[in-house]
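Quick notes on the structure that follows.
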Amino acid sequence: MLTAFASEIWLADGPAVTVPGGFRYPTRMAVIRLRGGDLVLWSPVAISDELHAAVDALGRVRYLAPPNSLHHVFLGDWQRAYPDAVVLAPPGLRRKRPDIRFDSDFADGQVQAWAGEIEHVVVGGNWITTEVVFFHWPSRTAIFTDLLQQFPPGWFGGWRRLVARFDLMLCDEPSVPRKFRLAFRDRAAARRALARSLAWPAERVLMAHGEPVTSDGQAYLRRAFSWLRP
């Protein structure tokens, strides 16, 4: 249920979800263990008894971290399983999920409890969603959600495959989908935020929808976001 990815990071791939238009998206959760043993659950997937037990074996779930306003489907289930966990809200999710108790908001300032271990940047200016991008310093891992995507060639069929190809979702390496590029209404704000991300000494890049990049992560990110340069 959990696969070791890097130092103090484990991954769990959940069931696919279907979005408007019939497009199926895989789901992925990252479990990050802080120095004191507390766990941060990034982008929670569907919970099961097996996954619940595997997570408990790693430490105490202290934080639930949905990374944008799109990755929230299973958040309530995890909050019910861990009612004492601190739930952080990315921009736009409080309004979308009034049924969830949010304890804090992601902003440009860092989460003090994660200082020196996890850094984050809020990438605003996009009308689809505002994504919170993370960097795990101990493993040199940058963590993106929907801003970077790559699907295997056979994932989509028929007209959806044509749309996915046009949307840059079937490139040779993970890419920023065309719809997200067009949705940046404030490119200056996006450049400022991503400049901070590109400065991270990333060796690995993890994303929700695509195979992780496991070497030369910083060089890869510069290629992936070269289209955003002035």
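Worth pointing out:
- With all protein chains in place and a 1.4 Å probe, the accessible surface of the chain carries 53 percent carbon and sulfur.
- Projected-area mean, the chain, by convex hull of Cα positions, square nanometres: 12.0
- Solvent exposure of the range 122-166 as accessible area per residue, Å², 1.4 Å probe: 40
- Percent RCO, i.e. relative contact order, over the chain, from Cα pairs under 8 Å lying at least 6 residues apart: 14
- Computed helical MRE - 222 nm, the chain, DSSP H runs ≥ 4 contributing -39500 (n - 2.57), nearest 500: -6000 deg cm²/dmol
- DSSP-assigned coil residues among trypsin sites (Lys or Arg not before Pro) in the range 127-201, each with at most 14 further Cβ atoms within 10 Å: Arg185
- Cα gyration tensor, the range 84-128 - rounded (a/c under 1.5), prolate or oblate: oblate
- For a paramagnetic label modelled on Asp13 (point 7 Å from Cα along Cα→Cβ), amide N atoms under 16 Å away belong, within the range 150-167, to 150-156.
- Judged by the ratio a/c of the largest to the smallest principal axis of the C-alpha gyration tensor, the range 98-201 counts as prolate, that ratio being 1.5 or greater while a/b is larger than b/c.
- The residues of the range 54-107 present an accessible area of 46 Å² per residue when probed at 1.4 Å with all protein chains retained.
- Working from label points 7 Å from Cα in the Cα-to-Cβ sense, the Asp105 to Ile128 distance is 2.4 nm.
- The Cα atoms of the range 33-144 cover 39, 33, 20 Å along the three principal axes, with the biggest extent listed first.
- Cα gyration tensor, the range 111-152 - rounded (a/c under 1.5), prolate or oblate: oblate
The values are calculated or read from the model by the stated rules, or taken from the named source; none is laboratory data. Computed from a predicted structure; not experimentally measured. Methodologically, a virtual Cβ is constructed for each residue, glycine included, from the backbone with ideal geometry; neighbour enumeration extends over all protein chains shown. Just so you know, the surface numbers come from the protein's heavy atoms only, side chains and all, with ligands and any DNA or RNA stripped out. Shrake-Rupley method; radii C 1.70, N 1.55, O 1.52, S 1.80 Å.
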